[in-house]
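Asks: Below is a structure I'd like to ask you about.
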């Protein structure tokens, strides 16, 4: 057996050699929020079988690259972003998911603030698309997007990750809109505000919104340091 | 380039060929609860570098096998179990995690009821070990175990998965013990019971415990059908 194309294999373990025939990729599901719409960053696929269809931003894992490092690299290379929320969600490994052979892919969820982080449009083919407008995608990317969206819906209720989608200073009106847009439901304004204030984690910035069509609201920031202190008592109670 | 050892590769895409040099495995973190102790099912490693150290139950993904199917196969082959809670948790892909080369592994969390499901000890090397007694393990398996334990702690608070560790009929005393053992904290007995009854998901079986040293308690079952109905309103409220 010629193992010259399999440089990573310890030849003491030749019985494992036939198993070293998989490729591994990362796919980043990058969500952004803009003017009342939850968007996801996509690119037109250049794969012959899916040309012109929307595809997630991803790449093949390199032989000497950690899995997490690959997801950071994809974000950095394709968007210019270096400091963002990024978390592994799920790995997809169906036999026929990629036409080139067995490519297992690990999906990462990322949240970016579209205004603070202007995308350095390295790649003009990148586009923000409303998650509600996406029907079909290349490969199994629609399934991956849906899985990440479900995780996003759960996580914004459990951890304060939603603030990654907002500017540092935000109005409660805008915060409520983001929650409502992602969860696909509306909240009573008073109850929502009461609930948020009860956390003690919002800091009044002593400033008002500007250039808005509605009556300007107060601006707040999220007190992450206080949250990190509270978080140590990890028991959140039985929710089911 | 000789691609004869890479049968899955579409030769139209030869530029991808050098990427097909990874192996992929699944590792199952199988938890069981017995007499006040949370256990995990382990096996002594037969890998030369880790001989005699504790290892998770896992195997290499086969060329024509879906990722999820591989985890079911490992459970079935090694334990004889076919019907259990099994869920993907996380994928571990550090460059040096396996001495044989790039082996990416996906960890699955499984919960079994030790009494209802007698292990068909196909493999005598399998042992239930208390999670509190495990210091070192083969490969990066201690890190994988810790990650799955953290997910278990979170999930038992969010979803009624804990009942997978118990017999169909259980006492509230035993249910509280399992929660306390996994979370490493104790609950006030009255508050715990009140909270559980408030869910409306426990069904009095009209029977009492037998052969116990303490005063026998009532036996209950979990009403999964009712839970599945409730679950449809997915918003659990802001927990952070």
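Asks: From the list B:24, B:47, exactly one residue is more than 7 Å from chain A (Cβ to nearest Cβ), in contact with a strand residue (DSSP E or B) (Cβ under 9 Å, 6 or more places away or on another chain) and at pLDDT 85 or above. Which is it?
Replies: B:47
Asks: Would you kindly identify the strands (runs of 3 or more DSSP E) lying entirely within region B:51-145 that contain at least 2 residues that are farther than 15 Å from residue B:30 by Cα and at the interface with another protein chain (Cβ under 10 Å from one of its Cβ atoms)?
Replies: On the way: elements: B:57-60, B:85-92, B:103-112, B:126-130.
Qualifying strands (runs of 3 or more DSSP E): B:85-92, B:103-112.
Asks: Give me the residue from region B:90-108 that is touching a helix residue (DSSP H, G or I) at 6+ places or on another chain (Cβ under 8 Å) and surrounded by fewer than 19 Cβ atoms within 10 Å (Cβ to Cβ) and, out of that set, nearest to residue B:147 (Cα to Cα).
Replies: The qualifying residue nearest to residue B:147 (Cα to Cα) is B:94.
Asks: Determine whether region A:227-239 contains at least one residue that is surrounded by 14 or more Cβ atoms within 10 Å (Cβ to Cβ) and away from every other protein chain (no Cβ under 14 Å).
Replies: Looking for residues that are surrounded by 14 or more Cβ atoms within 10 Å (Cβ to Cβ) and away from every other protein chain (no Cβ under 14 Å), one finds none in region A:227-239, hence no.
Asks: How many residues does region B:146-171 hold that are away from every other protein chain (no Cβ under 13 Å), within 19 Å of residue B:226 (Cα to Cα) and touching a helix residue (DSSP H, G or I) at 6+ places or on another chain (Cβ under 7 Å)?
Replies: 1
Asks: Kindly evaluate residue A:181 against the criterion of being out of contact with any strand residue (DSSP E or B) (no Cβ under 6 Å at 6 or more places or on another chain) and part of a helix (DSSP H, G or I).
Replies: Working: out of contact with any strand residue (DSSP E or B) (no Cβ under 6 Å at 6 or more places or on another chain): no; part of a helix (DSSP H, G or I): yes.
Taking the combined requirement at face value, the residue does not satisfy it.
Asks: Test of understanding: among B:192, B:163, which residue is farther than 15 Å from residue B:36 by Cβ and free of Cβ contacts under 8 Å to residues at least 24 places away in the same chain?
Replies: From the options B:192, B:163, the qualifying one is B:192.
Asks: Kindly indicate the residue of region A:195-205 that is exposed (fewer than 12 other Cβ atoms within 10 Å of the Cβ) and touching a residue at least 12 places away in the same chain (Cβ under 8 Å) and also farthest from the other protein chains (Cβ to nearest Cβ) among those meeting that condition.
Replies: From region A:195-205, those exposed (fewer than 12 other Cβ atoms within 10 Å of the Cβ) are A:198, A:200, A:204; that's our starting set.
Narrowing further to those that are touching a residue at least 12 places away in the same chain (Cβ under 8 Å): A:200, A:204.
On the way: A:200: 11, A:204: 19 Å.
Going through the qualifying residues, I end up with A:204.
The values are calculated or read from the model by the stated rules, or taken from the named source; none is laboratory data. What you see is a predicted model; the values in this text were computed from it and never measured. Neighbour counts run over all protein chains shown; Cβ positions are idealised from the backbone, glycine included.
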